[in-house]
Amino acid sequence: MLRLGKRGGQVVVEMLLILPVFLTIVFTIMEMGHVAFQMILLNHATYEVARIGAMTLIRDNGRQRDCLTVVKPIMPRIIASAIATCGLEPTVYDDQAQQQNFDLLVTGRNPIKLIFPLSSILMSSKLLCPQGPGGGVCMISATVRMPVEQPLKY
């Protein structure tokens, strides 16, 4: 028969010292997976919004619409809490078609709620979470560049 004697509480004390650190590491890894999933979701949604915006920005008559009126209503249909901003950037002048080409820059922003309290304190920084430690909500963003489709002039 094994006798524990005076050392019977040593395992309990070691477990109480190590368990919070171990659980913090595990929950932080799970929180990073959640943030990575949300980032992939936002990146794909921003890509889709930029693709739709680049194809529908120029009307059939060749006139250009305002990019915000095209892009802004599309993003909440994909991710309800996300917003999109956009801008046009001139690229290369096409001598053959005699027109200026543009890229549509779309930036999607989405506030995400962090799940675990202790890991959200560890992961929060001024860059990721403007609310500071303990805010529980972080703003992530993704930017996509898409060439604007323009009909050729005949």
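A few comments on the model shown:
- Compared with the alpha-carbon gap, the fully stretched path from ASN101 to SER141 is longer by 11.8 nm at 0.36 nm per residue.
- Between VAL11 and MET39, residue separation times 0.36 nm minus the direct Cα-Cα distance comes to 6.0 nm.
- Theoretical gain in end-to-end length, LEU88 to ILE29 [0.36 nm per residue, Cα-Cα removed]: 17.4 nm
Taken together, the values in this text are just the output of simple stated rules run on the coordinates, not laboratory data. Because the structure is predicted, anything quoted here is derived from the model rather than measured.
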